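Participant: Take this structure first; my questions come after.
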Amino acid sequence: MTMEITRRNFIAGIVGSVAGLHITPLPWKLTDDIAIWTQNWPWVPVPPVGEFSEKKSVCTLCPGGCGIEVRMVDERAIKIEGRTDYPVNPGGLCPVGVGGLQLLYNESIRFTGPMKRVGPRGSGEFANITWNEALDTVAARITELRDAGRPEALAAVDGNPSGSTMSLLVERFLTAVGSPNYVRTPSVDDTHQMVNTLMQGTDGPEAYDLENADYVLSFGAGLLEGWGAPGRILNAWGYWRGDAKGKVKIVQVESRASNTASKADRWVPVKPGTEAALAMGLAHVIIKEGLYDRRFVNDHAFGFHDWRAGNGIRRKGFKSIALENYAPDRVAEMVGPDVVKADDIISLAREFARAKAPIAVCGKGKGALSGSLYEFMAVKSLNALVGNINQPGGIGVLDPLPLAQLDDLQPDAIAAKGNRAPRLDGAGSAAYPFTRSLLSGFTDAVLDAPKSPVDTLLVFSANPVYTMPDAGRFKKALKKIPFVVSFSPFRDETAYMADLILPDHTYLEKMDDVVWPSGLQYPLYGLTAPVVSPVYKTRNAGDTVLNLARKTGKEVAAGFPWKKYEALLKARAEGLFEAGGLVKYKGDKPVWETMASGSSGASGLKSFKDMWKKIKKDGLWYMAENPRSGSWDVFKTPTGKFEFASTKIESALRKAGKGAEDKAFVGHYSEPEAEDGHADYPLQLVPYEIINLASGWTPNPPHLKKTLFDHQLLKDDSFIDINPETADKLGLTQRDFVNVRSHSGSVRVRVNLFEGAMPGVVYMPLGFGHTAYDEFCRDKGVNPNRIVRAGRDPLSGQPAWWVTPVKLEKV
């Protein structure tokens with residue numbers, strides 16, 4: 001007897017069969033095969049017999065900041081494992097982190113020293129030069145701009161984590177020269193920081209006490225795809241499915257049956273981009289049935305009830321908007337009535353609100369992509385409704401790390417004039433008042449001008465030619481900029497467009513900081529250590545920037561008193577000593593367990609000198625507590641409360657003379673504007689991420705190709721996931737070739753029939769389609785960013801809706 005497989009039956013089967021399962025062991029099983037396979041690669045030779053040792057450091061291949069232990073034979077690194085004596089990820093490490101050595105010793109993907117372009121831009125043709133020639137060339141160009149009274153024609157694109165010492169150094173350098181055009185690559189941190197500013201009035205990190213939660217409601221967060229600190233989340237999942245089995249419920253809201261969705265206790269498959277509608281539907285039920293925390297809402301929140309704006313106009317509050325617009329039957333129509341019913345929304349809301357320690361999280365995939373501001377506000381509002389702020393298992397409202405502040409710059413007259421020029425990207429303007437940086441706006445400014453307003457562009461730890469949606473636009477912008485300098489250690493797509501290369505060390509060759517790993521629920525400062533001497537003639541980019549400051553002239557150099565980058569790291573870290581904290585983790589008990597005691601303990605060190613030695617040795621400083629645990633008197637908004645309705649948004653829009661509906665001040669759902677000719681593109685394309693494929697600015701470790709299935713990559717072809725029902729209507733079968741076409745262009749892929757794909761939607765993995773690096777990365781599959789048109793958020797201007805109208809053309 002056979003059963004007809006419908007999408008709803010498939011969902012029920014998936015949820016029923018995988019609840020309680022752990023992560024598939026396949027990638028880890030393959031490591032034995034990889035060890036054999038990689039022995040044939042000349043750049044990963046079998047080391048000679050020698051003395052074994054271990055060196056400790058921190059991985060910075062993603063913002064997770066996992067602790068690593070590197071096995072050495074004499075002076076050669078041969079293996080990377082997760083550290084058991086590091087609190088973020090005791091023993092856990094993702095596949096990309098395990099493969100880090102293949103990014104260290106592979107000169108096919110690395111720049112081996114400073115170089116200048118000798119071929120056409122994009123060709124990758126470079127010639128070796130000396131470091132003095134490279135530094136003198138850049139310094140002379142910047143000096144010429146200052147002498148001509150045009151310092152603002154210098155710009156930088158920076159991919160270093162926000163708040164890191166390197167990011168502050170790059171921005172400080174531009175300010176000292178006289179340019180306001182410091183631009184960051186977009187990330188989920190941008191969206192979280194803006195939401196925290198608007199609703200909490202704080203500038204601290206996003207902190208999730210996941211391990212102490214008993215109900216985890218994830219809006220698209222790829223918990224098993226590398227979200228947050230991957231080693232930490234993998235450990236947490238093992239705990240949820242081990243010691244805490246049956247005590248913690250995990251619900252995944254996502255249109256595709258990802259690894260996380262298929263292994264969650266409950267999968268809620270909503271239409272792509274409608275997550276905010278579901279969040280507001282849950283809020284409707286929670287409010288209507290009186291399941292919210294009245295003490296928090298009444299005493300510590302503003303904008304829940306109707307309110308009066310600064311101009312005296314009466315505005316509807318969050319309660320009214322949720323009750324009037326997001327009834328369960330209406331929300332079901334928005335998110336997909338074929339698979340999500342009104343009863344599902346009601347039961348989900350009740351489960352969440354009645355849990356002892358419920359937490360709602362968001363951030364698509366690995367949590368690297370920027371998102372919809374109003375969606376994130378809606379999810380944040382759910383946490384506020386149940387009062388789970390600064391409570392065990394909730395979200396933390398915390399201050400930034402207590403790092404020492406650098407002395408204020410004293411720009412000279414040239415720099416002061418340049419810094420008064422409007423930012424090219426429009427960040428901080430009346431259009432985007434809360435946005436600190438806007439790379440898409442920067443790209444528009446360069447492309448729209450008759451002549452590039454940027455003369456010299458510096459690029460740090462970023463590969464926007466590959467990672468930005470509709471990346472062809474950024475590449476076109478680079479072609480207009482007269483001089484581009486890349487500080488990348490890797491031969492990436494953006495570096496190929498550069499005129500000059502000043503290559504950084506890799507993370508295994510240098511000292512750098514990790515300022516509060518992504519999503520961690522307690523304060524932590526990590527410090528990488530050079531586990532090997534530089535393999536090639538590269539330099540720490542921090543030292544390179546300090547050298548450039550000195551070569552640009554005494555007026556600029558005056559703001560950079562540190563001889564070496566390590567001295568700058570040390571100067572900032574001195575603030576940690578005043579705060580107390582610990583500098584060693586024994587590993588006998590997870591920090592999230594000890595947090596319940598409310599005491600972090602003390603290091604017992606009598607001077608910062610002693611603390612710095614310990615930090616350099618073990619790579620960390622942390623506090624085993626939430627310093628604001630149990631407190632709701634932590635908000636720094638204009639009202640001094642958590643703001644369901646943001647008074648800052650109201651004030652900014654009013655000052656800009658913009659009329660706004662009441663919903664503009666609260667979390668809500670709104671559809672992106674449809675492009676012209678939308679009917680000609682009847683399907684939706686959604687990019688997705690997987691844990692064993694690097695999709696950011698760093699290359700993928702070659703051995704991870706071995707862990708991919710033949711429905712992900714077959715020889716040089718990658719696949720789209722498509723529901724069999726949709727494929728049948730289009731006359732497509734397994735492994736057929738199709739062109740996926742959007743307004744921006746087309747790419748050729750193969751078809752993978754997947755019951756876990758929502759009908760009418762096709763899914764394409766991020767991480768393939770490089771046109772740079774080596775033979776193991778180059779020309780393997782396609783990069784969806786070539787055709788993705790991520791809709792921009794109306795308030796932040798950042799890419800927000802990762803859903804693109806497309807059509808399929810059978811080849």
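The values are calculated or read from the model by the stated rules, or taken from the named source; none is laboratory data. Since this is a predicted model, take the numbers as computed values, not measurements. So basically every Cβ, Gly included, is an ideal-geometry build from the backbone, and we count neighbours across all protein chains shown. In case anyone asks, the SASA skips ligands and DNA or RNA and just uses the protein heavy atoms, side chains included. Shrake-Rupley method; radii C 1.70, N 1.55, O 1.52, S 1.80 Å.
Participant: Run the Debye formula on the Cα coordinates of the range 202-320, all scatterers equal and no solvent, and tell me log10 I(q)/I(0) at q = 0.10 1/Å.
Facilitator: -0.43
Participant: Can you pull the accessible area of VAL515 for me, 1.4 Å probe, Å² to the nearest 10?
Facilitator: Roll a 1.4 Å probe over it and VAL515 shows about 40 Å².
Participant: Going by a ≥ b ≥ c, the root eigenvalues of the Cα gyration tensor, does the range 465-568 fall in the rounded group (a/c under 1.5), the prolate group (a/b larger than b/c) or the oblate group?
Facilitator: The shape class here is oblate.
Participant: I would also like to ask the following. For the range 532-671, compute Rh as the Kirkwood radius over C-alpha pairs and then the Stokes-Einstein diffusion coefficient at 20 °C and 1.002 mPa s; write the answer in µm²/s, rounded to an integer.
Facilitator: The Stokes-Einstein estimate is 105 µm²/s.
Participant: Go through ASP618, ASP444 and list them by solvent-accessible area, largest first, probe radius 1.4 Å.
Facilitator: From most accessible down to least: ASP444, ASP618.
Participant: Then there's this: Taking the Cα centre of the range 284-344 as origin and charging only Cβ (+1 Lys, Arg; -1 Asp, Glu), how large is the dipole, in debye to the nearest 20?
Facilitator: Result for the range 284-344 is approximately 500 debye, rounded to the nearest 20.
Participant: May I ask you to derive the relative contact order of the range 194-339, considering only C-alpha pairs under 8 Å and at least 6 residues apart, and to give it as an integer percent?
Facilitator: 18
Participant: Stokes-Einstein at 37 °C, 0.692 mPa s, Kirkwood radius from Cα pairs: D for the range 101-185 in µm² s⁻¹?
Facilitator: 216
Participant: So, one more: Per 5 Å bin, what is the whole-percent P(r) computed from every C-alpha pair distance within the range 722-769?
Facilitator: Histogramming the range 722-769 at 5 Å steps yields 5, 21, 29, 29, 13, 3 percent.
Participant: OK, next. For the range 421-428, in order, what is each residue's ³J(HN,Hα) by Karplus, 6.51 cos²θ - 1.76 cosθ + 1.60 with θ = phi - 60°, in whole Hz (x at glycine and Pro)?
Facilitator: 5, x, 5, 5, 7, x, 5, x
Participant: If contacts are Cα pairs under 8 angstrom and at least 6 residues apart, what is the relative contact order of the chain in percent?
Facilitator: Across the chain, relative contact order equals 19 percent.
Participant: Would you kindly compute the Cα radius of gyration of the range 55-121 and its largest Cα-Cα separation (Dmax), both in Å?
Facilitator: 15.1, 49
Participant: Sorted by average packing, counted as other Cβ atoms within 10 angstrom per residue and highest first, what order do 801-809, 476-484 take?
Facilitator: 801-809, 476-484
Participant: Something else now. Binning at 10 angstrom from zero up to the longest distance, how are the C-alpha pair distances of the range 248-407 distributed in percent?
Facilitator: 10, 36, 35, 14, 4, 1
Participant: If MET611, MET334 are ordered by their accessible area, calculated over protein heavy atoms with a 1.4 Å probe, which sequence runs from highest to lowest?
Facilitator: Result, largest first: MET334, MET611.
Participant: Let me ask you something else. Using the 2.2 N^0.38 Å rule of thumb for compact globular proteins, work out how the range 238-306 stacks up: its C-alpha Rg over that value, please.
Facilitator: 1.45
Participant: Quick one: Cα centre-to-centre distance for the range 275-325 and the range 465-526, in angstrom?
Facilitator: Here the two parts' Cα centres lie 41 Å apart.
Participant: For the range 507-568, what Kirkwood radius comes out of the mean inverse Cα-Cα distance, in Å?
Facilitator: The answer is 13.5 Å.
Participant: Where Rh is the Kirkwood radius over the Cα pairs of the range 761-811, the temperature 10 °C and the viscosity 1.306 mPa s, what D in µm²/s does Stokes-Einstein return?
Facilitator: It comes out at roughly 123 µm²/s.
Participant: Now, a different point. Express in % the proportion of alpha carbon pairs of the range 70-223 at distances exceeding 29 Å.
Facilitator: 46
Participant: Could I ask something else about it? If the cut-off is a Cα-Cα distance under 18 Å, which lysines reach LYS245, setting aside same-chain residues fewer than 8 apart in sequence?
Facilitator: LYS263, LYS356
Participant: Using a 1.4 angstrom probe and counting only protein chains, how large is the accessible area of HIS668 in Å², to 10?
Facilitator: 10
Participant: Tell me what the chain gives for mean residue ellipticity at 222 nm when only DSSP H runs of n ≥ 4 count, each as -39,500 (n - 2.57), the sum divided by the residue total, rounded to 500 deg cm²/dmol.
Facilitator: Result for the chain: -8500 deg cm²/dmol, rounded to the nearest 500.
Participant: Using only C-alpha atoms and all pairs of different ones, pull out the Kirkwood radius for the range 627-749 in Å with one decimal.
Facilitator: Value: 20.3 Å, from the Cα pair sum.
Participant: Give a residue-ordered list of calculated ³J(HN,Hα) values for the range 785-797 (Karplus: 6.51 cos²θ - 1.76 cosθ + 1.60, θ = phi - 60°; whole Hz; x for Gly, Pro).
Facilitator: 4, 5, 10, 6, 10, 5, x, 8, 5, x, 9, 9, x
Participant: Also, I was wondering about something else. Once each part is reduced to its C-alpha centroid, what is the distance from the range 709-737 to the range 123-142 in angstrom?
Facilitator: Cα centroid of the range 709-737 versus Cα centroid of the range 123-142: 46 Å apart.
Participant: Additional query: Over 19 Å apart: what share of the alpha carbon pairs of the range 732-800 falls there, rounded to a whole percent?
Facilitator: Result: 47 percent of Cα pairs exceed 19 Å.
Participant: Write down Rg/Rh for the range 422-470, rounded to two decimals, with Rg from the C-alpha atoms and Rh from the Kirkwood relation over Cα pairs.
Facilitator: Here Rg/Rh amounts to 0.97.
Participant: Follow-up question, since we're still on this one. What's the ranking of 706-714, 146-154, 242-250 by average number of surrounding C-beta atoms within 10 Å, highest first?
Facilitator: Listed from highest to lowest mean packing, they are 146-154, 706-714, 242-250.
Participant: Okay, moving on. In terms of Cα to Cα distance under 18 Å, which lysines are near enough to LYS613, apart from those fewer than 8 places away along the same chain?
Facilitator: Excluding near neighbours in sequence, the set is LYS55, LYS56, LYS510, LYS564, LYS570, LYS584, LYS586.
Participant: Could you compute how much accessible surface GLU144 exposes when probed at 1.4 Å, giving the result in Å² to the nearest 10?
Facilitator: 120
Participant: Once Rg and Dmax of the Cα atoms in Å is worked out from the coordinates, which option in (i) 25.7, 84; (ii) 27.1, 94; (iii) 34.7, 114 does it equal?
Facilitator: Working out Rg and Dmax of the Cα atoms in Å from the coordinates points to (i).
Participant: Another question about this same structure. Once you charge only the Cβ atoms, +1 for Lys and Arg and -1 for Asp and Glu, what is the size of the charge dipole of the chain about its Cα centre, to the nearest 20 debye?
Facilitator: Here the size comes out at about 820 debye.
Participant: In the chain, carbon and sulfur make up what percent of the accessible area (probe 1.4 Å)?
Facilitator: 49
Participant: For Cα pairs less than 8 Å apart in space and 6+ apart in sequence, what is the mean separation divided by the residue count of the range 472-570, i.e. the relative contact order in percent?
Facilitator: Result for the range 472-570 is 20 percent.
Participant: Using only the heavy atoms of the protein chains and a 1.4 Å probe, how would ASP448, ASP610, ASP190 rank by accessible area, largest first?
Facilitator: Sorted by accessible area, descending: ASP448, ASP610, ASP190.
Participant: Label the range 632-694 by shape, choosing from rounded, prolate and oblate, from the square roots a ≥ b ≥ c of the eigenvalues of the Cα gyration tensor; if a/c is under 1.5 it is rounded, and otherwise prolate applies when a/b is larger than b/c, oblate when it is not.
Facilitator: Oblate is the answer for the range 632-694, as a/c is 1.5 or above yet b/c matches or exceeds a/b.
Participant: Find the centroid of the Cα atoms in the range 205-252 and in the range 628-698, then give the distance between the two in whole Å.
Facilitator: 23
Participant: I need the shape label for the range 393-448. Rule: rounded when a/c is under 1.5, else prolate if a/b > b/c, else oblate, with a, b, c from the alpha carbon gyration tensor.
Facilitator: Cα axes put the range 393-448 in the oblate bin.
Participant: Next question. Remind me, what semi-axes does the range 84-141 give for its equivalent ellipsoid, largest first in whole Å, using sqrt of 5 times each Cα gyration tensor eigenvalue?
Facilitator: Equivalent ellipsoid semi-axes, largest first: 36, 16, 10 Å.
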